[in-house]
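*Asks:* Here it is, the structure, as structure tokens.
The values are calculated or read from the model by the stated rules, or taken from the named source; none is laboratory data. In this text, all values refer to a predicted model and were calculated from it rather than measured experimentally. No Cβ is skipped: glycine too gets one built from the backbone with ideal geometry, and neighbour counts run over all protein chains shown.
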Amino acid sequence: MKLSLSTIIAVALSVGVVWAEGPVEKAKDVAEDAAETAKDVGHKVVKGTKNVVNKVVDAVTPDPDARRVDVTLSNYKIDMPTSLEPGKTAFVVKNGGDVKHNFVVRGKDGTHKFMVDLEPNQTKVLHVQLKRGTYTAYCPLDEHRKKGMETTLTVHS
């Protein structure tokens, strides 16, 4: 059987193309794996950074120049003063209940809350610059607020 030159060239070219596709596919797989690894590392860095920020934000030591106000969260109850003077305030919040809680202080100047919920028996400090007016303090988790974890705070001079 006689092979023509064009047949030999066609076979050689097709073998070369198939051989060249192997490294291209391998490079594509390596690039996809590297992108997935970079994405995973990025997520871990973000999560770690959030954890560090939360630890700083949700500190347990009140600022020395802030007025200390003790708050106890229990199952569907908030025990705290309902009247305060304006100024820098450190709400020292203890979760005395047996489930997670959080603590929100909402007024006309904005909403202040912990970045991370309080576990049972955990204490954190929430610093708020209180201005004259009416605030609502409550637990935003699940149905806690509807079940009674809400109180009104009046700030006056």
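*Asks:* Answer yes if at least one residue in region 129-142 is farther than 22 Å from ASP65 by Cα, surrounded by 14 or more Cβ atoms within 10 Å (Cβ to Cβ) and at pLDDT below 95, and no otherwise.
*Replies:* No - not one qualifying residue is present in region 129-142.
*Asks:* Name the single residue that is modelled with the lowest pLDDT among those in region 45-59 being loosely packed, with under 11 Cβ neighbours inside 10 Å and aliphatic (A, V, I, L, M).
*Replies:* In this case the residue turns out to be VAL56.
*Asks:* Condition check: in contact with a helix residue (DSSP H, G or I) (Cβ under 9 Å, 6 or more places away or on another chain) and hydrophobic (A, V, I, L, M, F, W, C). Does PHE103 satisfy that?
*Replies:* Judged against the criteria, PHE103 is not a match.
*Asks:* Another question, then. Please identify the pairs in which a residue from region 130-157 that is under 16 Å from THR72 (Cβ atoms) has its Cβ atom under 7 Å from the Cβ atom of a residue that is among the polar types (S, T, N, Q) and assigned to a strand (DSSP E or B), counting only partners at least 6 apart or on another chain.
*Replies:* Pairs that qualify, where the first residue is under 16 Å from THR72 (Cβ atoms) and the partner is among the polar types (S, T, N, Q) and assigned to a strand (DSSP E or B), are ALA137/THR151; GLU150/THR136.
*Asks:* Assigned by TED's automatic domain parsing to the domain that holds GLY148, at pLDDT 95 or above and either closer than 18 Å to GLY148 by Cβ or hydrophobic (A, V, I, L, M, F, W, C) (or both), is that true of TYR76?
*Replies:* Taking the combined requirement at face value, the residue does not satisfy it.
*Asks:* Residue by residue through region 143-157, note down the ones that are loosely packed, with under 13 Cβ neighbours inside 10 Å and under 25 Å from the mean Cα position of the chain (by Cα).
*Replies:* GLU143, LYS146
*Asks:* Also, I was wondering about something else. Which residues, counting only those in region 106-147, are farther than 11 Å from VAL93 by Cα and in contact with a helix residue (DSSP H, G or I) (Cβ under 9 Å, 6 or more places away or on another chain)?
*Replies:* MET115, VAL116
*Asks:* Out of the residues in region 67-112 that are among the charged types (D, E, K, R) and surrounded by 15 or more Cβ atoms within 10 Å (Cβ to Cβ), state the one that is farthest from LEU153 (Cα to Cα).
*Replies:* LYS100
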